[in-house]
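Below is one structure, written out as structure tokens; comments come after it.
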Amino acid sequence: MHSSFLAAVGTGGLALAIQSSAPAAQPETYLPAGPEVVLEHLPDGAFPLRSYTGNERPSIEQVRSDALAYIEVARRSGDLRYLGYADGALRAWESVRPPPAPLLLPRAMLQQARHEFDQALATLDLLHERQPDNAQAWLTRAVVHQVRGEPDAALRSCIKLHPGGGRLITAACIAGSARITGDAATAYRLLRAAIRDATDHDREHIPWALRVLAELAEINGDPTFARACLIQALDANPGDIRTRLALADLLLRQHDAATVLEIVPADSRSPVLTLRRALAASLLGHPDLARHQTVLEDYFAAARRRGETLHDRESALADLRIFGRPERALAVARRNWRTQREFADTELLLGAALACGDLATVQHVRDWLRGHRNLDARLAAILRASAPEGSGDAS
């Protein structure tokens with residue numbers, strides 16, 4: 001199975017488009033002195049870029065291969081420029097109607113990565129009509145529904161994966177769909193068994209399955225095992241930013257800020273990891289905090305100039321925990337929660353609402369969780385703290 005299969009399953013944490021209410025000063029345009037000036041060093045192992053500016057249209061097979069590879073690199077590294085490269089490749093056939101079937105999957109995956117969820121589902125509808133047994137397409141659809149907090153729809157897509165998707169991928173997909181429901185405990189047990197029985201064929205998918213298992217372990221009140229899962233996943237693929245980010249967030253929830261500073265390099269060029277390092281530095285009173293704040297503010301200003309609003313979750317987190325802007329954090333968290341309802345989005349909305357004393361929003365989230373029979377131990381702790389004294393309402 002093509003390694004790009006997992007490009008569909010990275011969720012969140014890859015963008016940091018943060019906007020501030022303060023107007024940004026427009027810097028002077030920088031013009032290099034000559035062609036010998038180095039503007040950027042690509043990371044080791046970066047996927048080679050191909051020019052699509054010639055008059056001859058590249059083959060559908062070449063465009064598909066390049067677009068999927070670019071998307072996978074973006075997911076793994078957090079470098080969103082590769083999404084632009086994928087878009088550039090797909091544009092070579094954009095004007096053709098009907099769109100070539102082999103290019104529908106990378107287009108949907110690109111839309112998912114950009115959080116254009118409605119567009120992604122519409123593209124997948126076209127693909128399912130022409131390739132009803134495309135396992136990657138069903139996985140992509142399932143992940144979109146998982147991110148949107150639609151577990152029933154996600155589960156229906158996961159079931160379509162079998163047998164083309166393989167046992168471990170199907171089990172991880174089903175388990176991921178159960179994260180916000182009352183079936184999380186059962187999903188936890190089934191996924192542990194699937195990972196234990198994984199074959200050599202499943203090896204490339206195990207880090208993703210371990211990330212899902214780690215979240216299920218936390219949901220079911222076993223953060224120690226969750227930490228072990230993420231460490232194992234990171235050992236298997238140290239360059240995957242999704243695992244490093246998940247581990248950093250778990251460590252912050254465990255108040256182990258010192259270890260966050262160990263796993264996130266001080267010179268990290270990833271804004272999402274820099275944000276986690278800033279959160280850890282804030283908890284420890286570390287002298288690096290001021291420098292990280294400056295780096296993040298510079299990044300935010302650049303994002304504003306580009307008009308980027310890709311990841312409101314990160315924006316609200318920074319406003320709430322780093323820059324002390326809870327009202328803005330709540331506004332952005334509300335907007336984010338309209339389309340993204342994973343644990344991190346829900347935790348963030350509750351945190352911002354509590355910081356602003358907005359108990360109506362807390363109740364709205366509480367009702368939504370009840371509707372899904374959600375038993376997440378992490379959210380239950382937040383809700384217990386928010387409940388009026390003596391009410392006993394923790395769900």
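The values are calculated or read from the model by the stated rules, or taken from the named source; none is laboratory data. Please read these numbers as outputs of a predicted model, since none were measured by experiment. Reconstructed Cβ throughout: ideal geometry from the backbone, glycine too, with neighbour counts over all protein chains shown. Remember, those area values only see protein heavy atoms, side chains included, never the ligands or the DNA or RNA. Shrake-Rupley method; radii C 1.70, N 1.55, O 1.52, S 1.80 Å.
Out of segment 204-217, which residues are more than 13 Å from Ala178 (Cα to Cα), charged (D, E, K, R) and modelled with pLDDT of 95 or more?
Scanning segment 204-217 gives a single hit, Arg211.
Under 22 Å from Leu317 (Cα atoms), surrounded by 15 or more Cβ atoms within 10 Å (Cβ to Cβ) and over 18 Å from the mean Cα position of the chain (by Cα) - does that describe any residue in segment 241-255?
Within segment 241-255, one or more residues are under 22 Å from Leu317 (Cα atoms), surrounded by 15 or more Cβ atoms within 10 Å (Cβ to Cβ) and over 18 Å from the mean Cα position of the chain (by Cα).
Which ones in segment 342-370 are open to solvent by 50 Å² or more (accessible area, probe 1.4 Å) and under 25 Å from Asp183 (Cα atoms)?
Once the filter is applied, which keeps residues that are open to solvent by 50 Å² or more (accessible area, probe 1.4 Å) and under 25 Å from Asp183 (Cα atoms), segment 342-370 yields Glu347, Gln363, His364, Asp367, Arg370.
Scan segment 106-143 for residues that are of a type in the set (S, T, N, Q), farther than 22 Å from Trp208 by Cα and part of a helix (DSSP H, G or I) and jot them down.
Gln119, Thr123
Within 18 Å of Gly165 (Cα to Cα), small (Gly, Ala, Ser) and free of Cβ contacts under 8 Å to residues at least 40 places away in the same chain: which single residue out of Ala193, Ala217, Ala233, Ala228 fits that description?
Just one listed residue meets the conditions, Ala193.
So which of Glu36, Glu61, Glu28, Glu56 is open to solvent by 80 Å² or more (accessible area, probe 1.4 Å) and at pLDDT 90 or above?
Details: Glu36 fails: at pLDDT 90 or above; Glu28 fails: at pLDDT 90 or above; Glu56 fails: at pLDDT 90 or above.
Glu61 is the lone residue from the list that is open to solvent by 80 Å² or more (accessible area, probe 1.4 Å) and at pLDDT 90 or above.
Filter segment 61-100 for residues that are over 24 Å from Glu129 (Cα atoms) and of a type in the set (S, T, N, Q) and give the result.
Correct list: Ser77 only.
Determine whether Leu191 is at pLDDT 95 or above and either open to solvent by less than 40 Å² (accessible area, probe 1.4 Å) or in a helix (DSSP H, G or I) (or both). Break it down stepwise before answering.
Values: at pLDDT 95 or above: yes; either open to solvent by less than 40 Å² (accessible area, probe 1.4 Å) or in a helix (DSSP H, G or I) (or both): yes.
Against the criterion (at pLDDT 95 or above and either open to solvent by less than 40 Å² (accessible area, probe 1.4 Å) or in a helix (DSSP H, G or I) (or both)), Leu191 qualifies.
Please count how many residues of segment 143-169 are within 24 Å of Glu116 (Cα to Cα), touching a His at 6+ places or on another chain (Cβ under 7 Å) and free of Cβ contacts under 8 Å to residues at least 60 places away in the same chain.
Qualifying residue count for the region: 3.
Quick one: Pro265 ticks every box in (1) part of a helix (DSSP H, G or I); (2) open to solvent by 50 Å² or more (accessible area, probe 1.4 Å) except a single one, so which number is it?
Of everything listed in (1) part of a helix (DSSP H, G or I); (2) open to solvent by 50 Å² or more (accessible area, probe 1.4 Å), Pro265 misses just condition (1).
Only one residue in Arg114, Arg81 is in contact with a helix residue (DSSP H, G or I) (Cβ under 9 Å, 6 or more places away or on another chain), more than 28 Å from Arg167 (Cβ to Cβ), at pLDDT below 90 and surrounded by fewer than 22 Cβ atoms within 10 Å (Cβ to Cβ), so which one is that?
Arg81
How many residues are free of Cβ contacts under 8 Å to residues at least 24 places away in the same chain and open to solvent by less than 50 Å² (accessible area, probe 1.4 Å) when one looks only at segment 93-106?
Looking only at that region, the number is 1.
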